[in-house]
Amino acid sequence: MSEHALRKQLEFYRDLGFEELFVRPSEAEQERGAEDPKADAAPGAEAPVQRAPAPAAASDERPAPAPPASDASSEQQPSPLQVIRDDMGDCTRCRLHKGRKTIVFGSGNPNAKLVFIGEGPGADEDAQGLPFVGRAGQLLTRMIDGTCERIGLPIRRPDVYICNVVKCRPPENRAPELDEMEICGQFLFRQVKAIQPKAICVLGGTAAKALLRPGVGITKLRGTWTEWGGIRVMPTYHPSYLLRGYNPEGKRQAFEDLKEVFTYVYK
Ligand code: SF4
């Protein structure tokens, strides 16, 4: 990209309200990152902005019992995920805001070792403001809980973190378009960097495309580890694909993928 085009692109994101940007690593940089385990940031990414702690609340004249130290610090400073959610605000940065009822930011353990990334909210998620709560979400819960139970892990859905590439429901449940994923992806990348999981499991071809730009479909991609920003990534099928008709082979493969992921992360 020419310097002029790069400047224009940066101005575009600045006008959208982004103060920091994550840039997807090139293939060569991905390979270098794989050789260097300390390469935890997406190569080419700007350093995350260091945010000042929120000012302490004005002191009450009456002496109050001092709260435990940990409570005091959590009151003073919003969590990294809350900072991102606050930055997002009532977001209108892409056209998807027009049809949404709710922004679906993400749910689960903010310190999770494993993050699941789907495509975007559907009708149930849009109504409830939570990711993966419809039929596909219920299947994902069964896949997570069932896999862990079978391999003897005390991990359940609330122990992982789940979010989507885009946070607003695309109209008619269409796939998010490239520019929508590029813009909202900035929030996704920040979420992942804030959580710092040991691994990511991307669900379906669209999420894989947003994160990895693989150039091949999910059927070829699934089941093989790859990497994003120094974090191992396992692509597998989206649960909604597994719900389409009789698909025992797809389910078996997805179970194998999840078994691999949970074994790597938690054993
Ligand atoms: S999809 Fe993301 S970038 Fe687009 S309006 Fe919603 S929150 Fe903003």
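The values are calculated or read from the model by the stated rules, or taken from the named source; none is laboratory data. Keep in mind that what you see is a predicted model, and the values were worked out from it rather than measured. All Cβ positions, glycine included, derive from the backbone under ideal geometry; neighbour counts span all protein chains shown. Accessible surface is based on the protein model in full, side chains and every heavy atom, while ligands, DNA and RNA are left aside. Shrake-Rupley method; radii C 1.70, N 1.55, O 1.52, S 1.80 Å.
Towards the positive end of the charge dipole of the range 144-245, with charges on Cβ (+1 Lys, Arg; -1 Asp, Glu), say which of 210, 166, 197 has the farthest Cα.
Value: 197.
If I stretch the segment between residue 21 and residue 86 completely, what's the gain in nm (0.36 nm per residue apart, minus their alpha carbon distance), one decimal?
Full extension of this stretch gives 21.7 nm more.
With Cβ to Cβ distances under 11 Å as the rule, what net charge do the other residues near residue 138 carry (K, R +1; D, E -1)?
Net charge around residue 138: +1.
Could you please state how large a percent of the accessible area of the range 159-243 is carbon and sulfur, counting protein chains only and using a 1.4 Å probe? Walk me through the numbers before you get to the answer.
Details: 1360 of 2860 Å².
The C+S portion of the solvent-accessible surface of the range 159-243 is 48 percent.
Counting only heavy atoms of protein chains, what accessible area per residue, in Å², does the range 72-266 have with a probe of 1.4 Å?
44 Å²
Below 11 angstrom from the Cβ of residue 200, what's the summed charge of the other residues (Lys, Arg +1; Asp, Glu -1)?
With Lys, Arg at +1 and Asp, Glu at -1, the neighbours total +2.
Would you mind checking which residues have amide H under 5 Å from residue 223's amide H? H placed 1.01 Å from N; only 5 or more apart, or other chain.
none
Among the lysines, which fall within straight-line cross-link reach of residue 220, defined as a Cα-Cα distance under 17 Å, with same-chain neighbours fewer than 8 residues apart omitted?
209, 251
Report the Cα-based extents of the range 113-182 along its three principal axes, largest first, to the nearest Å.
Extents along the principal axes: 41, 22, 16 Å.
With +1 assigned to the C-beta of every Lys and Arg and -1 to the C-beta of every Asp and Glu, and no other charges, what is the dipole magnitude of the range 72-266 about the Cα centre in debye, to the nearest 20?
So the dipole magnitude of the range 72-266 works out to roughly 320 debye.
What number, in percent, do you get for the relative contact order of the range 194-267 if the mean sequence gap of Cα pairs under 8 Å and at least 6 apart is divided by its residue count?
33 percent
What is the list of residues in the range 113-130 whose amide nitrogen lies under 20 Å from a point 7 angstrom out from the Cα of residue 243, following Cα to Cβ?
116-130
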